[in-house]
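Scroll down for the structure; my scribbles are underneath it.
Nothing in this text is a laboratory measurement; each read-out follows from the coordinates by a stated rule. Bear in mind that the values here come from a model prediction, so they are computed numbers and not experimental data. Backbone-built Cβ (ideal geometry, glycine too); neighbour counts: all protein chains shown.
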Amino acid sequence: MSKETALVVIDVQNGVMEEAYQRDEILARIASLLARARAAQTPVIYVQHDEPKGYQLEVGSDAWQIHPAIAPRPDEPVVNKRASDAFYDTTLKQELDRRGIRHLVVVGGQTEYCVDTTVRRATTCGYDVTLVSDAHTTYDSEALTAAQIIAHTNEMLDGFHTDTCAIIVKPTSGVTF
């Protein structure tokens, strides 16, 4: 990948990961991608969901903290958000544009909410996206298992595009920086 690429880590917070599907495997894959991105001097940008007092991801709570297995370094920005769309009312676009980023490699949680919404929105903001198929996670719902949600999301988003930007889906092993 080019110098116009960034690794974007969405909502890998203690409260999100606590009972997430394949938590340990997902954290290990994200850690592997982080090591590879950092070695290639690819920018890493974290996204952290903020919720008000009394909610699961209450700002400042242990559940709100980014999981220690993939914690950001001091020079890696953390963009705080309050909606599923990491671009909505945040500094994400400015962080990316300031670095000349045109391609995002995306990992994180929760698959059918923040990951899906953010990668779709990224294409309308002018970014190509690689969604790492085995490095995003969720929970079982009443209708589908987490594995089914992840598989469906990967299938639906692979090849999703606008006139100028697209999403491709690749496993961790297929991602290079």
Take the residues in the range 74-113 that are assigned to a loop (DSSP other than H, G, I, E, B) and aliphatic (A, V, I, L, M); name whichever of them is farthest from Ser32 (Cα to Cα). Ala83
Residue by residue through the range 97-133, note down the ones that are among the charged types (D, E, K, R) and out of contact with any strand residue (DSSP E or B) (no Cβ under 7 Å at 6 or more places or on another chain). Asp97, Arg98, Glu112, Asp116, Arg120, Arg121
So which residues in the range 36-58 are outside any strand (DSSP E or B), crowded, with 17+ Cβ neighbours inside 10 Å and among the aliphatic types (A, V, I, L, M)? Ala37, Leu57
The lone condition Gly100 fails out of (1) closer than 15 Å to Glu4 by Cα; (2) surrounded by 14 or more Cβ atoms within 10 Å (Cβ to Cβ); (3) not polar (S, T, N, Q) is (2)
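For the subset of the range 156-177 comprising residues that are of a type in the set (D, E, K, R) and within 15 Å of Val132 (Cβ to Cβ), which member is surrounded by the fewest Cβ atoms within 10 Å (Cβ to Cβ)?
The initial filter retains those residues of the range 156-177 that are of a type in the set (D, E, K, R), namely 158, 163, 170.
Those left that are additionally within 15 Å of Val132 (Cβ to Cβ): 158, 170.
Working: Asp158: 14, Lys170: 17.
Checking each candidate, the answer is Asp158.
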Just to verify a result, which residue in the range 132-170, among those that are in a strand (DSSP E or B) and among the aliphatic types (A, V, I, L, M), is farthest from Leu7 (Cα to Cα)? Ala166
For Ser61, all conditions in the list (1) part of a loop (DSSP other than H, G, I, E, B); (2) closer than 29 Å to Glu4 by Cβ; (3) among the polar types (S, T, N, Q) hold save one; what is the number of the exception? (2)
